[in-house]
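Contents: one structure, followed by commentary.
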């Protein structure tokens, strides 16, 4: 069960029974009118739940300063989605210009056709 109490700045705190965390809550109107204050709170580490007519629709959360890229890459490798390089790419391959596109042709259409054909 949720219980809302209003803070001095007019925003609500939602406290959930059985949980130790509290999340600040604001309606869409409050978020529009007080966006700078909400961003300051998010910078300070607070999460803010945005509600529309009492229903949660979005959450503002701080972004980690140093995302766990090594952990993410490791998960992708274990899942077989990504394979790590065994050596650096050949420089001549990188420096070689791409193929010329014929007049009137669309690179996007060619890519979409390639995806449709399963190549």
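The C-beta contact set for region 33-52 (first residue farther than 14 Å from residue 23 by Cα, second residue modelled with pLDDT of 90 or more and assigned to a helix (DSSP H, G or I), distance under 8 angstrom, 6+ apart or interchain) comprises 52/28.
Rundown of residues vs (1) in contact with a strand residue (DSSP E or B) (Cβ under 8 Å, 6 or more places away or on another chain); (2) at pLDDT below 85; (3) surrounded by fewer than 12 Cβ atoms within 10 Å (Cβ to Cβ); (4) in a loop (DSSP other than H, G, I, E, B), yes/no style:
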| site | (1), (2), (3), (4) |
| --- | --- |
| 50 | yes, no, no, no |
| 56 | yes, no, no, no |
| 65 | no, yes, yes, yes |
| 70 | no, yes, yes, no |
| 74 | no, yes, no, no |
| 80 | no, no, yes, yes |
| 85 | no, no, yes, yes |
| 101 | no, yes, yes, yes |
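So residue 16 passes all but one of these: (1) at pLDDT below 90; (2) out of contact with any strand residue (DSSP E or B) (no Cβ under 7 Å at 6 or more places or on another chain); (3) surrounded by 12 or more Cβ atoms within 10 Å (Cβ to Cβ). Which condition number does it fail? Only one criterion in (1) at pLDDT below 90; (2) out of contact with any strand residue (DSSP E or B) (no Cβ under 7 Å at 6 or more places or on another chain); (3) surrounded by 12 or more Cβ atoms within 10 Å (Cβ to Cβ) is unmet by residue 16, namely (2). Could you list, in sequence order, the residues of region 26-42 that are buried (at least 18 other Cβ atoms within 10 Å of the Cβ) and over 20 Å from the mean Cα position of the chain (by Cα)? Of everything in region 26-42, those that are buried (at least 18 other Cβ atoms within 10 Å of the Cβ) and over 20 Å from the mean Cα position of the chain (by Cα) turn out to be 26, 30.
The values are calculated or read from the model by the stated rules, or taken from the named source; none is laboratory data. Bear in mind the structure is a predicted one, so any value in this text is a computation, not a measurement. Note: ideal-geometry Cβ built from the backbone for every residue, glycine included; neighbour counts use all protein chains shown.
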